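The values are calculated or read from the model by the stated rules, or taken from the named source; none is laboratory data. Bear in mind that the values here come from a model prediction, so they are computed numbers and not experimental data. Reconstructed Cβ throughout: ideal geometry from the backbone, glycine too, with neighbour counts over all protein chains shown.
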Amino acid sequence: MSLSAHQPFTGYLHHWSLQRPPFLSSPDFFFSGQPQREALASLQYFTASNWKLAFLTAASRAGVSHLLDHMVSMRGFGSAPVDVILTRSTGQGSTSPLQQLGSVLGYGQRYEITQQMIDVAIQQSDKQGIHTLWCLENCSASTISIATDFAQRHRNFSVVATTLPEHRPLLQLHAGMCGMQIELESLSLQDTFSYVTAGLQQAGTTRAIFSEAAVTRLHDLSRGLIGEIAVLAESALTTAACSGLSKVTPWIIEQVSTNQTLHRLQQDNESEPLQSYRAA
């Protein structure tokens with residue numbers, strides 16, 4: 001789910017003297033905590049090595065999407081020319097990863113892009129000394145075999161497949177080749193404090209809006225997942241502003257966490273009849 005879907009009303013910005021939302025809807029704000037730095041270092045090593053496949057494993061809401069967006073904006077690693085291509089699988093009805101890959105490689109929105117067309121584009125990049133790195137977010141078992149086929153055929157082409165921990169064994173089974181293991185871990189408590197401070201600073205304030213106890217509770221309830229921290233922190237700012245508070249307290253954090261849990265349970269209950277209907 002996109003973090004922007006959780007964007008609250010913006011009246012709270014005036015209350016806290018903020019120029020923009022600190023944690024949501026800020027694509028230019030990338031927080032580089034210890035897990036992000038370690039993952040990026042591993043990805044840089046992978047790209048420069050002879051590995052052809054890497055599995056980037058992370059829990060839901062651990063910040064994989066933002067990490068991959070940052071990789072694309074970096075346009076590679078160091079001085080080596082790398083064409084980082086990011087494709088996403090968002091479920092039924094979405095454009096296939098192969099179609100997305102072909103579109104980025106220069107074929108536009110053609111009705112059907114074949115593997116042969118992709119081969120030609122990769123070869124052209126290879127002749128220019130450019131390494132193509134295909135990052136597949138939420139990679140499926142059916143897509144990983146196609147991706148590794150390209151990796152085996154082309155010397156200057158490699159694949160990064162992101163997956164949840166529980167899905168990695170199936171992905172490895174369908175890959176048909178060994179892959180480097182990279183994990184994006186949760187934030188430490190120290191990183192959570194740094195993230196909250198950095199988010200507020202990029203939004204235009206150096207005030208300690210969150211009490212230390214509130215940040216600690218935020219870390220505990222989010223389990224250090226940066227996407228969850230962002231949602232809870234932004235909601236806490238709104239709730240505290242509506243109550244006229246001068247600081248975000250642990251009680252506010254607990255309140256918004258409970259509301260978030262109830263909201264997700266309601267969404268799950270509403271989706272169950274639809275899933276049963278599809279299965280019938």
Worksheet, complete the sentence: Going through the range 155-170 in order, the residues found to be at pLDDT 95 or above and surrounded by fewer than 22 Cβ atoms within 10 Å (Cβ to Cβ) are LEU164, PRO165, GLU166, HIS167, ARG168, PRO169, LEU170
Worksheet item: Within the range 20-48, how many residues are touching a residue at least 12 places away in the same chain (Cβ under 8 Å), hydrophobic (A, V, I, L, M, F, W, C) and assigned to a helix (DSSP H, G or I)?
Response: 5
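Results for (1) under 14 Å from the mean Cα position of the chain (by Cα); (2) buried (at least 21 other Cβ atoms within 10 Å of the Cβ), shown as yes or no for each residue.
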| residue | (1), (2) |
| --- | --- |
| GLU38 | no, no |
| ALA41 | no, no |
| GLN44 | no, no |
| TRP51 | no, no |
| THR57 | yes, yes |
| ARG61 | yes, no |
| SER65 | yes, no |
| ASP69 | yes, no |
| ARG75 | no, no |
Worksheet item: If a residue has to be hydroxyl-bearing (Ser, Thr, Tyr) and touching a strand residue (DSSP E or B) at 6+ places or on another chain (Cβ under 8 Å) to count, how many in the range 193-219 make the cut?
Response: 1
Worksheet item: If ARG88 passes every condition in (1) farther than 22 Å from LEU43 by Cα; (2) surrounded by fewer than 18 Cβ atoms within 10 Å (Cβ to Cβ) but one, which one does it miss?
Response: (1)
Worksheet item: Can you tell me which residues in the range 175-192 are surrounded by fewer than 20 Cβ atoms within 10 Å (Cβ to Cβ) and touching a strand residue (DSSP E or B) at 6+ places or on another chain (Cβ under 9 Å)?
Response: MET177, CYS178, MET180, GLN181, GLU183
Worksheet item: Where in the range 155-238 are there helices (runs of 4 or more DSSP H), lying fully within it, with 3 or more residues that are in the same structural domain as SER89 (by TED's automatic domain parsing)?
Response: 168-175
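Residue by residue, here is whether (1) within 24 Å of the chain's Cα centre (by Cα); (2) in a strand (DSSP E or B) holds:
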| residue | (1), (2) |
| --- | --- |
| ASP83 | yes, yes |
| GLN100 | yes, no |
| ILE113 | no, no |
| ILE122 | no, no |
| GLY129 | no, no |
| THR132 | yes, yes |
| THR148 | yes, no |
| GLN152 | no, no |
Response to the item:
The one condition TRP251 fails out of (1) closer than 29 Å to LEU67 by Cβ; (2) modelled with pLDDT of 95 or more is (1)
Discussion item. Given the options CYS135, CYS139, name the one that is in contact with a helix residue (DSSP H, G or I) (Cβ under 6 Å, 6 or more places away or on another chain), in the same structural domain as PHE77 (by TED's automatic domain parsing) and touching a residue at least 12 places away in the same chain (Cβ under 8 Å).
Written reply: CYS135
Item to complete: May I ask you to list the residues in the range 153-211 that are among the polar types (S, T, N, Q) and over 30 Å from TRP251 (Cα atoms)?
Response: ASN156, SER158, THR162, THR163, GLN172, GLN181
Worksheet item: Does ARG223 meet the test of being surrounded by 14 or more Cβ atoms within 10 Å (Cβ to Cβ) and either within 25 Å of PHE30 (Cα to Cα) or over 26 Å from the mean Cα position of the chain (by Cα) (or both)?
Response: no
Practice prompt. Being out of contact with any Gly (no Cβ under 6 Å at 6 or more places or on another chain) and among the β-branched types (Val, Ile, Thr) is the filter here, so list the residues in the range 49-83 that pass it.
Written response: THR57, VAL64, VAL72
Worksheet item: If we scan the range 154-163, do we find a residue that is in contact (Cβ under 8 Å) with a residue 12 or more places away in the chain, farther than 15 Å from THR47 by Cβ and of a type outside the set (Ser, Thr, Tyr)?
Response: no
Worksheet entry | Residue list for the range 45-64, restricted to those being at pLDDT below 95 and aliphatic (A, V, I, L, M) | ALA48
